[in-house]
Structure formats: structure tokens, C-alpha cells
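The values are calculated or read from the model by the stated rules, or taken from the named source; none is laboratory data. Please read these numbers as outputs of a predicted model, since none were measured by experiment. Note: ideal-geometry Cβ built from the backbone for every residue, glycine included; neighbour counts use all protein chains shown. Please note that ligands, DNA and RNA were not included when accessible areas were found on the heavy atoms of the full protein model with its side chains. Shrake-Rupley method; radii C 1.70, N 1.55, O 1.52, S 1.80 Å.
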Amino acid sequence: MGHTKVHVGGRPCRCGARGCLEAYVGAAALVERWDGALPGVGEKAGLAALLAAAEAGRPGAVALLDEAAELLGAAVADLVNLFAPERVVIGGWAGLLLGPRLLPAIEESATRHALAFPRSRTALALSELGPDAVTLGAATLPLCQFLESGGTGAR
Ligand SMILES: [Zn+2]
């Protein structure tokens, strides 16, 4: 859902469009938008520094992560309103890095932005599968095909 729109005509996104959620809350965007970031620092080190600055109470870092939580919560609310899922799981390396700090604010934002009934039936959680969950999930697809074929590999 990183490329759903949160601001029509907003910040440019790496997908070529403007105003995507990722252009505001993605790791690269957060590091780029933080005025305390050191030049040339990569996404992982930059995001870790941003989190550390927020944990230390630096106002710019706190405000940036507060805004990220607000936007993520609004995006979760869109999912809740459209699909009424039982659970929304936040994962990926950046999600797992920031999640412990942001999850309560994301939940609060989602509650404010979503319809009350479906929100009351949707839990938010951090992934328990680690930062490589997407890669591991993709790797299971050929294994599933192999097992479904009875081990012959034929479809
Ligand atoms: Zn995009």
C-alpha cells in the first residue's frame, strides 16, 4: 500500500508518481526529510539515527515520526474501511525498526480515521517473521508448487 495517495500532487515518489504514502513514510523519505540526517548516510543507518534522535526527544525527529504514525494510521484506516481485515501486520525492516515506537500512535490514528465498526474488529500488530518475511514468503511459492505436484515438479 506504499503507493496509495496521501497527498494529491505531493512529494515525488520513486515509482514516478507524486503524493504516495511511501514518499512520506518510507525509510528513504523519512531520512531525506529529517533535518538532522547526516549527508551520505544510507537508509538503515539514517533511520536508526532518526529513531535514536526521537527517543532522545529531539523535536524535529519526534515531529517527523509523529507525522509518519498519523499517515500510516490513516492508510490503515483506508484498508479497514475497504476490506475490514481481521488483522493488519506491519513488517519489513523499517516497520520493525520503528514499529515498537510508532504502533500505539498508528493504532490511535487508525481508530480516528476508520469507520468504528470495522475498526473495532481489526487488530494491528508487528510482524513476528523478521525483516525478510516478504523474501521468505516468495521463496515458499516454488516449494508449494513442488509439493502440490507430488514432488514431480510438473504442474
Ligand atoms: Zn509511489
Would you mind telling me which numbered condition in (1) modelled with pLDDT of 95 or more; (2) surrounded by fewer than 17 Cβ atoms within 10 Å (Cβ to Cβ) L47 fails? (2)
For the stretch 70-122, which positions are over 17 Å from the mean Cα position of the chain (by Cα) and either of a type in the set (A, V, I, L, M, F, W, C) or modelled with pLDDT under 95 (or both)? L82, F83, A84, A114, L115, A116, F117
Quick check: anything in the stretch 30-44 within 15 Å of the ligand (Cβ to nearest atom), open to solvent by 30 Å² or more (accessible area, probe 1.4 Å), over 27 Å from A125 (Cβ atoms) and not in a helix (DSSP H, G or I)? no
With the requirement that a residue be of a type in the set (G, A, S), out of contact with any helix residue (DSSP H, G or I) (no Cβ under 9 Å at 6 or more places or on another chain) and within 9 Å of the ligand (Cβ to nearest atom), what does the stretch 1-19 give you? G16, G19
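Inside the stretch 88-114, can you point out the residues that are of a type in the set (A, V, I, L, M, F, W, C) and part of a helix (DSSP H, G or I)? Break it down into steps so the answer makes sense when it comes.
Filtering the stretch 88-114 down to residues of a type in the set (A, V, I, L, M, F, W, C) leaves 88-90, 93-94, 96-98, 102-103, 105-106, 110, 114.
The answer is W93, A94, L96, L97, L98, L102, L103, A105, I106, A110.
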